[in-house]
Every structure is written in structure tokens, then in C-alpha cells.
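Everything below concerns the one structure shown next.
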Amino acid sequence: MRAAFCLSNRFPFVRLRVSGALVAAAALLVACNSMPPDPPSDLVAKGRDIFFNETFNGNGRTCGSCHREERNFTIDPAFIATLPNNDALFVAEFNPNLKQNFENPRLMREFGLILENLDGFDDLANRFTMRGVPHVLALRTSIANPQGPRTGWSGDGAPADGSLRSFAVGAVIQHFTKTLNRVSGVDFRLPTDAELDALEAFQLSLGRQNELQLPLRLRGTVAKRGQEIFLDNNLGKCNVCHGNAGANVAPGNNANFNTGVEDLPDQPARLTGEKVPRDDGFGVPGDGTFNTPTLVEAADTGPFFHNNAIETIEGAVAFYNGQAFNNSPSGQFLASTDPNGIGIRLDGTQVVEVAAFLRVINTLENIRLTVDLLNRSEALRSFKYEEAARLLRLAQAETGDSISVLAGGGLHPEAVLHLRESKRLIHRAIDSFFSQRDLTRKAIEEQEKARAFLIEGKG
Amino acid sequence: MRIVLIVFGVAIAVLGMSLHAHGQKSTERYIPIGQSPGVSQKLTSIGEIADVDQLKRTVTLLGPAGQQTVSITDSTRIWLDRTKIKQTNLTGTFADLQKGRRVEVKYQDAQTRQVADWVKVEITGP
């Protein structure tokens, strides 16, 4: 029996500057949504093992084939390019039964796109969508909705009861099958109830377990201004849908919107000439809406939007200036509430400032996670050396992300120096048995020094 | 002004809200009878078709809890579950709802149990 708990008991309400009335009004529509409690660690460990190792007697893929831990539980073209040709991700290239209508290898390799038959399997050649791989971080804070969980890009990713627990069943059928017949017991086996419990527990354990509370006391001039714009419901208007830079319009309400992404001109995948049908989003037939992704984790999990249409975080922010958004139902709605009839209109400097804010909060989350990984590694090292080393390698990858995210925006060069030093120390710690503890402690200190350049106090 | 803001807030929430909980239907087709997590036996009934009314487009199901008559509408999805003969599951029609066949029915409303959301029909032979 699952104990239910209410998200609204756990998280304070989102702060929107338009007025507390806005929050109060939105909260009227928020039900006390049930979400499993913190699971026992052995269930999480079992879920991890299944997530990364279980093929369900299918084509060789695991959940981890697309949701790579060292890549923030997603994949992108740069990472895909590093994989060997016999990686199960490329099964459509070497399994004759999956050569047609299972994946589009060109779009996978060039844009990180995966084929999905969300509107049914009756016309495989023509009815499909091409979507990026969403990360599975911070699910505990980002998929609850009064009508039921919103999984996947359009909120309707899971079969059966639509829950995160059921998501793996649909994923096995869609992505793990040996042939397009998709016969249970022949082309794959479906997860057992115990496996679904473990997978759900593992996924809910990933990333942030709590919402940020904005505004943060940021130190950087540009990021600080970006935060102001983000929170300004008469200018950036970002916080209206991405409350506290998360995924909710109000606690426990991850909502769907039609923001016009499908109307973007010159979408990269379509420029290739490959068939890329219009993605109609939620439901069958779709209503054109997609659920809101969390932004804290955004800067190091691009490309952006459900179709990987935009490569950079600056480009993703700039999208909201364009015609595709401003002509969409969501853009039109914002315009209808604006005294000047404007949906969203930011100038170039403001776009970069909002992106800088997103880069900094992403780095703060990476540092939090890295320190956690390093502490866990240190606690394990004397009796589980391999596991400790694995955690160190993850900490190294996270630190690499922090460096890329800050340096990519020309932000906080002093912090970047400390992060580089931390990464160097972690690298040494991985290979060191006798000095590992000391090196790990020093790496944590460097992370803390980097953090101090980004934010005042504990944030 | 306060009223305007309340309307704004409600509108934002409603704009982002779909009308109902949603279990994806496309892969549901490939889940064998009785194995739909969180749904089978909770929101569905499994049993044999005892009667079919072509005119009313209803099916009477005989299950462990007795007889249950359910309406089949244009939006009801019907799938042929051929897992037992190791063949791919297919989309079916009302004509596939035949007396004596084993079926699983998911209701649109689990309380009233009057209208079928989807029906899986077990096919055991060619």
C-alpha cells in the first residue's frame, strides 16, 4: 500500500510577482496529488540495477541506453558520436528486423532524435514523431498534476494508468522490441510489478528533491539581472509557467501548453529532407500541447524542446521572442493580459541575462550534486572501492558540466578555475588508493570555493 | 485589479490543464490482458462475453463479479490480444466482440462502469 503525501504540504507556494492572488488562484486548481514517499535505499539500488542492466529480453537496449547517467540521464549528438557502432542505441542499424520504421539513424546521430509512435502503430511509415530524450532528473518535483502525472514530453508518455511507475512498460514496448510485431513474451518481456516499483523508486531519487526558492542571492551582475527579468511577470514572464525555475505553474501542477515550438521555421531535423511529421503533443489526436520542463536542469541537458530544435540555452530563451511563440495560444494569452498587448519581448542583452541566470542555477545544482557524490564516495571508499570510484567519475562528469555551462556563457571565470582544480583533484582521486580521501576532501573544498563566487551564503 | 489578477491566475492554470488523466493508448495495445499496471482489475473487468447487442452496441460480460453490460462507443478502442498465439496484436472492430471470447474491458468511468474506454479481445486461434 503506497502512502500518499501531498506536495502542497511539502513545498511552499511558488512566488509570482504579479500578485499573491495569482498563486492563490492557481492553487485553487491544485489537488493534493499523491506521490510515493521517499523509498528505501535498497529499492532504489534495485531500480538502478534494472535501469542500467535489464534488457527485458529485448533488442539489447536498457533504460540507460538513452538516459545515460554520465550525461545527466539524457543523450545528445556529441555524446552519441562517442559510442561504438554496436551500441544498442543503434540497433536499427544492425538488426534487420528493425531497419525500417523503428528509428531514423540519421536523425538520431545528427540531432539525437528518437522515433515514437505516440499516435498509434497502424501506419508506421507515416505516423510517428521524432523527439529528443528528456532527462529524468527532479521528477519528484516536476511531473505531478491534479489529473495525474505528466510523463514524457507531452505528459502522456505512460500507458495504463499514466503513472511514472507504468512508464517503463510503454518504453519497453516502444524501444526494446526485437521486431516490429511487439509480441510480449517473444519480442520482449514486460516488467514485473516488483521491477516497476524499483524503477519508479530509482527515478524519483534522481536529482533535486525540492524546489528552489527564488530569488537567490546571486553575486554575478548579469545572472542577477537575468533572475529579475525571469521573475518579472511584466517582462520575462518566465516564472508564470516555470515557477521557481521548475516545471510547475503552482506546486503539484505541471501543466501542458501549446507554445508553438512545432511552428518554428527551419527546424534542423526538417532541413535534412527526412520525413518529420508534425508532433501533435498530448493525446490522440493531439491537442498541440506539451508539458513544461524544469529549468534548473536545463543548461546542461540540451538540445532544447521536444524536438531538439534549438542547441543553446540562449537560443531557447530567444525562442520566446519569436513569432512561433507569440502567435501560439500561450503567447496570445500572455499578450491578452499585457497592457501593451505584448506576449514576450526581450532584447538581446536580456535574452543573454536570462540565459546567464539559467546557467548559474544549473551550476549551483551541479555543485550540490557533485559535493553529495564526493561525500558518498568518501563514505564508501574503504569497503566498496569500485562503487566509490564510480561516484567519483560521476562527480568528475558533473564538474565538467559546471565548467562548460559557466565558461560557455563567459560567466564567473574565478569559479571556473576552482571547478577545474576540483575536477583535477577528482581525477587524481579516482586513480589513488591511499590519497583518495584527502584528494576528495580537497575537491569538495574547491567546489565550495566555486560556489561562493556564484551566490551569497548558503543561498 | 485584484479580480483581474485572479482571473489571470485561473486562466493560466486552466490553459495548462488538460481535462482528464491520460494513459497513453498506443502502447496499451501490446499489453496482454490482465497486465496493464495500475489499471487491470482496478479499472477493468476481465471475463467472457455472454451477450452482444448489435443494435444497442452493448456487450454483456460475465466475470467473477457477475454480469456487467457495457456500451461500445465510437471512441472505444478495440484490440485483438494475440499474445497467446505469439502474433502481433491488432486493432479490432465491434465485430470482433463475439460471444464466448475472453475480454478485458476498461471503463471510461470506473464508478459507473457503463461505457468502455477500451476492450482487449483474447484471440487463441488463427
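Accessible surface computed residue by residue for chain A, with neighbouring protein chains in place and a 1.4 Å probe, gives 39 Å² per residue.
Exceeding 26 Å between C-alpha atoms, which entries from my cross-link table qualify? They are A:LYS178/B:LYS25; B:LYS42/B:LYS84; B:LYS86/B:LYS106; A:LYS384/A:LYS442; A:LYS275/B:LYS84.
Values: A:LYS178/B:LYS25 21 Å; B:LYS42/B:LYS84 23 Å; B:LYS86/B:LYS106 23 Å; A:LYS384/A:LYS442 21 Å; A:LYS275/B:LYS84 35 Å.
Cα-Cα > 26 Å for A:LYS275/B:LYS84; rest within.
Under 13 Å of direct C-alpha separation, and excluding same-chain neighbours fewer than eight residues apart, B:LYS120 reaches these aspartates and glutamates: B:GLU28, B:GLU48, B:ASP81, B:ASP96, B:GLU104. Using C-alpha pairs below 8 Å separated by at least 6 residues, the relative contact order for chain A is 16 percent. Toward the positive end of the charge dipole of chain A, with +1 on the Cβ of Lys and Arg and -1 on the Cβ of Asp and Glu, the farthest Cα among A:ASN327, A:PRO339, A:LEU212 is that of A:LEU212. Buried surface for the A/B pair, taken as the accessible area of each chain alone minus that of the pair with a 1.4 Å probe, is close to 3600 Å² in total. Ranking A:LEU231, A:GLY170, A:GLY157 by how far each Cα lies toward the positive end of the dipole of chain A (charges on Cβ) leaves A:LEU231 at the top.
Can you compute the charge dipole magnitude of chain A about its Cα centre, using +1 on each Lys and Arg Cβ and -1 on each Asp and Glu Cβ, nothing else charged? Give it in debye, rounded to the nearest 20. List each step's numbers first, then the result.
Working: 47 positive and 54 negative charges, 200 e Å.
Computed charge dipole of chain A: roughly 960 debye.
The HN-Hα couplings worked out from phi for region A:408-414 by the Karplus form 6.51 cos²θ - 1.76 cosθ + 1.60 (θ = phi - 60°) are x, x, x, 10, 6, x, 5 Hz, whole numbers, x standing for Gly and Pro.
With charges only on Cβ, +1 for K and R and -1 for D and E, what is the dipole size of region A:236-379 about its Cα centre, in debye, rounded to 20? Before the final figure, lay out the partial values.
On the way: 8 positive and 17 negative charges, 32 e Å.
Roughly 160 debye, rounded to the nearest 20.
Apolar share of the accessible surface for chain A: 52 percent from carbon plus sulfur atoms, 1.4 Å probe. What shape does region A:139-276 take by its C-alpha gyration tensor, where a ≥ b ≥ c are the square roots of the eigenvalues and a/c under 1.5 counts as rounded, a/b above b/c as prolate, and the rest as oblate? The shape class here is oblate.
Contact with the other protein chains removes 10 Å² or more of accessible area, compared with the isolated chain and a 1.4 Å probe, from these residues of region A:125-148: A:GLN147.
In region A:254-401, Cα pairs under 8 Å separated by at least six residues give a relative contact order of 20 percent.
Our coupling estimate for region A:118-134, obtained by passing each phi through the Karplus curve with A = 6.51, B = -1.76, C = 1.60 and θ = phi - 60°, is 5, 9, x, 10, 7, 9, 4, 6, 10, 9, 7, 10, 10, 10, x, 9, x Hz, Gly and Pro reported as x.
Under 5 Å from the amide H of A:ILE114 lie the amide H atoms of A:ARG131, A:GLY132, each residue being 5 or more positions distant or on a separate chain, with H modelled from the backbone and absent for Pro and chain starts.
The values are calculated or read from the model by the stated rules, or taken from the named source; none is laboratory data. Everything numeric here is computed off the predicted structure, so don't read it as measured data. Every residue, glycine among them, receives a Cβ derived from its backbone with ideal geometry; neighbour counts consider all protein chains shown. Quick note on the areas: whole protein, heavy atoms, side chains included, nothing else; ligands and nucleic acids left out. Shrake-Rupley method; radii C 1.70, N 1.55, O 1.52, S 1.80 Å.
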